[in-house]
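> One structure, as structure tokens, below. Some questions next.
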Amino acid sequence: MPLSKRRLFDQAMKTTSPQFEKFRVRGTQLLERVQEIIEEGNARRVILKKDDRVLLEFPLSVGVGGAAAAVLFAPTLAAVGAIAALVSDVDVIIERRPPSPPELPGSEIPPSSES
């Protein structure tokens, strides 16, 4: 493989690993923030932690974003609301989908010669 193709391949492989985002929210803001994450539609999984203890972990691999996802996750959102009522500060960890890898040069499909 030429060096440029190899470099692009290595870069593509690095970007396919999951990306994590971590932030802290108050219990009163937890439900609203989780709803926003679900509506964004680009998260794979959400983990709620309090003092390095996992309170709730749920996947978001439905493939539906927006308001439809909020309806599908109503039971989960009820659990998040219950947690929000009991705790003060919670760490929210989001596993996001990696961006699509770039196309490698020369990997295009040539146009068909059929007419």
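Bear in mind that the values in this text are calculations on the coordinates, not laboratory data. Note that this is a predicted model, so its numbers are computed, not measured. Every residue, glycine as well, gets a Cβ built from its backbone with ideal geometry; the counts of neighbours run over all protein chains shown.
> If you take every residue apart from Arg33 with its C-beta less than 13 Å away from the C-beta of Arg33, what net charge results, scoring Lys and Arg +1 and Asp and Glu -1?
Local charge sum for Arg33: -4.
> Add +1 for every Lys or Arg and -1 for every Asp or Glu among the other residues with Cβ under 15 Å from the Cβ of Gly81, and state the total.
Taking every other residue near Gly81 into account, the sum is 0.
> Suppose every K and R has +1 on its Cβ and every D and E has -1 on its Cβ; what is the size of the dipole of region 17-96 about the Cα centre, in Debye to the nearest 20?
Dipole magnitude for region 17-96 comes out near 120 debye.
> Let me ask you something else. Show me, for region 42-54, the HN-Hα J-couplings you get by feeding each phi into the Karplus relation (A = 6.51, B = -1.76, C = 1.60, θ = phi - 60°), rounded to Hz, glycine and proline as x.
So the J values, rounded to whole Hz, are 10, 9, 8, 7, 10, 10, 10, 10, 10, 6, 6, 10, 6.
> Please give, to one decimal in nm, the separation of the simple spin-label points placed at Arg53 and Gln35, each 7 Å out from Cα toward the Cβ.
Roughly 2.8 nm, to one decimal.
> Report, as a whole number in µm² per second, the diffusion coefficient that Stokes-Einstein gives for region 17-96 at 10 °C and 1.306 mPa s using the Kirkwood radius over alpha carbon pairs.
For these conditions, the coefficient is 127 µm²/s.
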